[in-house]
Amino acid sequence: MTSEEIRKVTGLLLEHLLPTLKVFGFTLLFSVPLGMIVALLKMCKFKPISWLTNVYILIMRGTPLMLQIILVRYLVPMLRINENTPEWLRNILLEINIAGDNYLFNMIIVAFVFNYAAYFAEIFRGGIESIPKGQYEAAYALSMTKTQTFFRIVLPQVIKRIVPASANEVITLVKDTSLANVVAYAEITLVANQQMQYYSSITPLVIAGVFYFVMSFVLTVLFALIEKKLNYYR
Amino acid sequence: MAILEVRNLSKKFDDVQVLKDISFDVNKGEVIAIIGPSGSGKSTLLRCINQFEKADGGEITVCDMDMLVKDSKDRTVFSDAKTLRDIRLKIGLVFQNFNLFPHMTVLGNIIEAPVKVLKTPKAEAVEKAMELLKKMGLSEKANAYPYELSGGQQQRVSIARALALNPEILFFDEPTSALDPELTGQVLKVIKELAEEKMTMVIVTHEMAFARDVADIVVFMDGGYIVEMGTPEKVFGNTENERTKQFLSRYNNDVMSADE
């Protein structure tokens, strides 16, 4: 490829950085809080809830994210054509505008959020359960309420403990956004693939690789800083 | 005036009866030392009074508030969450492993409950905390984190933390068991000073000399029972109970052989 072509491809990929970042950002925005809820549900003392949550986590972690994306993408149109669909479900499905601009993006986010929430939930649960019983007892002995104990005593210590594992997940997410290309979502990998075929050159893929690497690198540095900042106690 | 009343307290872990028919009172200004072999139920007793373990039966009253009562149908009823917090406010608890909050400074540990639970203005809470730290000989450690302190210092901070809520009674659960002899001395000295100020205390301990020295009443427990209860002179000096004799003589032998 000529340097002019490389510049053109780089510009094109740069334009598609936004869709990639959108998947990344929205997934984080929703999967972290949802993960917290899932973690609490899994620790629920009422067994059926804990059990159901576990089934959800097992399925999310036990099947490929790519498969889940495809499934969520085609779930609504596939359900639509079924003649035995009950009235209420049909109404809900008709509400969903599969021709809408945001339909594809929304479905991708749904798939990513539910998948990543399962992973985050397990990280959060591990963090919460690693806090010694003595910390709760000390707080309760000081007459603190359960809510105060969780937010003032437990959560700050959990955050410190889960930073390294969360960093792993977040950095994986940067690269996993490329899976959205499987449903023809125009993000970096999809565009790089098209350009590779157009120019019969692997250079667009290398450039895409550099994009992902830089993003991961920035996040790595960011998390190292966070870890360092939280290192004021042991 | 009885600050703590315990009546017929019993507790089972699975099939093991760890507390059987425990009854005693603690009056204002009294220091009670609870001694006995490991597994005799000493710590479980303290944990039941704080409701970290749920007793199976009996009655517990702290400062005229019922923590555990029998209702008219002879069922054991626990206090509600709000009352339990009110009761725990009257009880200061010092743990064997300190259980300081590692993410807070020494000062942060001490003012946390006064500010968040009692809603004391922060400046006032800090002032009180600094007074307590001075008393503990730790004024210069106010801004240190727990990991920067020795075990003895951490334990003294945890005593200050418990005192910051102005409790009516202080419980110590083997406060020196995690400390070496030198650090043990620092902590015992502080407890002794509190005894001199007429702080009401219940101390579970393996430090026999200390118990003898500081306690008004010594309780000897074995196998979940209170075997003997009396003045230190009686329990240590001329007990007529065979089990107490046996325990104390073994203890004395250990001390002597350790000295050799």
- Just the number, please: percent antiparallel of the DSSP beta bridges in the protein assembly as shown, rounded to the nearest 5. 60
- Just tell me how shielded B:160-170 is by partners: mean number of partner chain Cβ atoms within 10 Å of each residue's Cβ, no decimals. 1
- Message: In the stretch A:182-201, whose amide N lies under 17 Å from the spot 7 Å out along Cα-to-Cβ of A:THR10? List them in ranges.
- Response: A:192, A:196
- Note on the structure: Taking Cα atoms only, helix A:188-199 is inclined relative to the longest principal axis of chain A by an angle, in degrees rounded to 10, of 20
- Report, in whole Å, the centroid distance computed from the Cα atoms of the stretch A:81-102 and the stretch B:171-219. 73
- Length-normalised contact order of the stretch A:3-144, Cα under 8 Å, at least 6 apart, in percent, tallies to 40
- Item | Listed residues A:LEU142, A:LEU58, A:LEU179, most fluctuating in chain A (Gaussian network, C-alpha, under 10 Å) | A:LEU142
- Task: Grab the other residues whose beta carbon is less than 14 angstrom from that of A:ILE108, score K and R as +1, D and E as -1, and report the net.
- Result: -1
- Message: Among A:LEU41, A:VAL9, A:MET144, which residue has its Cα furthest toward the positive end of the charge dipole of the stretch A:3-232, with +1 on Lys/Arg Cβ and -1 on Asp/Glu Cβ?
- Response: A:MET144
- Query: With axes computed from alpha carbons, what is the tilt in degrees of helix A:47-62 against the longest principal axis of chain A, rounded to the nearest 10 within 0 to 90?
  - Reply: 30
- Task: Would you mind checking the tilt of helix A:155-176 against the longest principal axis of the Cα atoms of chain A, expressed as 0 to 90 degrees and rounded to 10?
- Result: 10
- Under-5 Å amide H pairs with B:ALA55, H placed in peptide plane, nonlocal only: none
- Please turn the phi angles of the stretch B:14-21 into ³J(HN,Hα) values with the Karplus equation 6.51 cos²θ - 1.76 cosθ + 1.60 (θ = phi - 60°), one per residue in order, whole Hz, x for glycine and proline. 6, 9, 9, 7, 8, 10, 10, 6
- Among B:PHE52, B:ILE111, B:CYS63, which residue has its Cα positioned farthest towards the positive end of the charge dipole of chain B, with +1 placed on the Cβ of Lys and Arg, -1 on the Cβ of Asp and Glu, and the dipole taken about the Cα centre? B:ILE111
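Rounded, prolate or oblate: which fits the stretch A:66-217 when a ≥ b ≥ c are the square roots of the eigenvalues of the alpha-carbon gyration tensor, with rounded for a/c under 1.5 and prolate only if a/b beats b/c?
It comes out oblate by the Cα gyration axes.
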- Where a Cα-Cα gap under 17 Å defines reach, which lysines qualify for B:LYS192, not counting those fewer than 8 residues away within the same chain? B:LYS28, B:LYS134, B:LYS135
- Item | Assigned charges on the beta-carbon of Lys, Arg, Asp, Glu; the protein assembly as shown dipole about Cα centre (debye) | 1240
- Item | Relative contact order (%) - criterion: Cα under 8 Å, at least six apart; region: the stretch B:114-241 | 17
- Classified through the alpha carbon gyration tensor (a ≥ b ≥ c as square roots of its eigenvalues; rounded if a/c is under 1.5, else prolate when a/b is larger than b/c, else oblate), the stretch B:1-104 comes out rounded
- Message: So if I take the centroid of the Cα atoms in the stretch A:117-145 and the same for the stretch A:162-200, what is the distance between those two points in Å?
- Response: 35
- Which stretch or stretches of the stretch B:98-118 have amide N atoms under 16 Å from the point lying 7 Å from A:ILE159's Cα along the Cα→Cβ direction? B:102-105
- Excluding residues on the same chain fewer than 8 positions from B:LYS116, give the lysines whose Cα lies under 19 Å from its Cα. A:LYS146, B:LYS82, B:LYS90, B:LYS128
- Message: How big is the dipole moment of chain A about its Cα centre under a simple scheme where the beta carbon of each Lys and Arg is +1, that of each Asp and Glu is -1, and everything else is neutral? Debye, nearest 20, please.
- Response: 1020
- Magnitude of the Cβ-charge dipole (Lys and Arg +1, Asp and Glu -1) of chain B about the Cα centre, nearest 20 debye, reported as 800
- Task: Please name whichever of B:ASN8, B:VAL31, A:THR203 sits farthest to the positive end of the charge dipole of the protein assembly as shown, dipole taken about the Cα centre and charges placed at Cβ: Lys and Arg +1, Asp and Glu -1.
- Result: A:THR203
- Message: What does the C-alpha gyration tensor say about the overall shape of the stretch B:204-246? Classify as rounded when a/c is under 1.5, otherwise prolate if a/b is larger than b/c, or oblate.
- Response: oblate
- Item | Residues with amide H under 5 Å from that of B:VAL31, placed H, sequence gap 5 or more | B:MET201, B:ASP216, B:ILE217
- Quick one: ranking B:PHE172, A:PHE46, A:PHE105 by accessible area, 1.4 Å probe, largest first, what do you get? A:PHE46, A:PHE105, B:PHE172
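The values are calculated or read from the model by the stated rules, or taken from the named source; none is laboratory data. Being a predicted model, the structure only gives us computed values, none of them experimental. Cβ sites come from the backbone with ideal geometry, for glycine too, and all protein chains shown count toward neighbours. In case anyone asks, the SASA skips ligands and DNA or RNA and just uses the protein heavy atoms, side chains included. Shrake-Rupley method; radii C 1.70, N 1.55, O 1.52, S 1.80 Å.
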